[in-house]
Amino acid sequence: MPSLKIHHIGYLVKKLEKAKKTFESLGYLAEQDTVRDEIRKVDICFLIKDGYRVELVSPFSEESVVSGLLKKYKNAPYHICYEADDPETAYEELTANGFAAIDTPTPAPALNGCKVVFLTSPVIGMIELIY
Ligand code: NI
C-alpha cells in the first residue's frame, strides 16, 4: 500500500461559524478565513490543535455534494484526508486495493487550488487524497 500522511479530518457541520467557535473553545486555532467552495457548494474552515488539522465542511445549498450526507450523519467526522509524495501512484495503489473513486481529481479552493479526489472503501468508508 502507498505511504500516506494524514492531512486532515473532515468534519461535517450544519452551522459553520458556531462549530468554529466551539472548536476554538476547545483550543483549536483557525488556520485561515472560511473559504467558499463553489464547486462543491460548501463553506470550509481549517483548524489546528496539537498538530492535528480538522476541516469543517458546511453546505450552503441543498444542491451541495454533502447535503445528503449531513442529513444522514448529522454533525460528525466523515473522512480522513491523506497526502502522498507521489499521488498518482498512491491513487493507483488505492484503487487496486479495494478503494473506489467516487469523483475525479478536482481543484479544492480551500487548499490553494490543489486537486483532491474522494475514494470509498466498503470496509472503512470515505477517504480523500490530495492529488
Ligand atoms: Ni477534506
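Tabulated data
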{"read-out": "Reachable lysines from Lys71, criterion Cα separation under 28 angstrom, eight or more residues apart if same chain", "value": "Lys14, Lys15, Lys18, Lys20, Lys21, Lys41, Lys49, Lys115"}
{"read-out": "Sequence-distant residues sharing a close amide H with His8 (under 5 Å, placed H)", "value": "Cys81"}
{"read-out": "Acute angle (nearest 10 degrees) that the helix 87-96 long axis makes with the longest principal axis of the chain, alpha-carbon atoms", "value": "70 degrees"}
{"read-out": "Furthest towards positive pole of dipole, Tyr131, Ile102, Thr89, structure part the chain, Cβ charges", "value": "Ile102"}
{"read-out": "Neighbour net charge for Leu4 - beta-carbon separation under 12 angstrom, K R +1, D E -1", "value": "-4"}
{"read-out": "Size of electric dipole in the chain: Cβ of Lys, Arg +1 and of Asp, Glu -1, about Cα centre, debye, nearest 20", "value": "760 debye"}
{"read-out": "Amide H contacts of Val116 (H built 1.01 Å from N, under 5 Å, at least 5 apart or other chain)", "value": "Thr106, Ala108, Tyr131"}
{"read-out": "Cα-based convex hull, the chain, per residue volume (Å³, whole number)", "value": "108 Å³"}
{"read-out": "From phi via Karplus (6.51, -1.76, 1.60), per-residue ³J(HN,Hα) for segment 62-73 in Hz, x at Gly/Pro", "value": "4, 7, 4, 4, 9, 4, x, 5, 5, 5, 6, 8"}
{"read-out": "Average Cα contact separation per residue, the chain, under 8 Å, 6 or more apart, as relative contact order %", "value": "27 percent"}
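Values in this text are rule-based calculations from the coordinates and carry no lab data. Since we're looking at a predicted model, the values are computed, not measured. Neighbour counts are summed over all protein chains in view; Cβ atoms, including those assigned to glycine, are modelled from backbone coordinates with ideal geometry.
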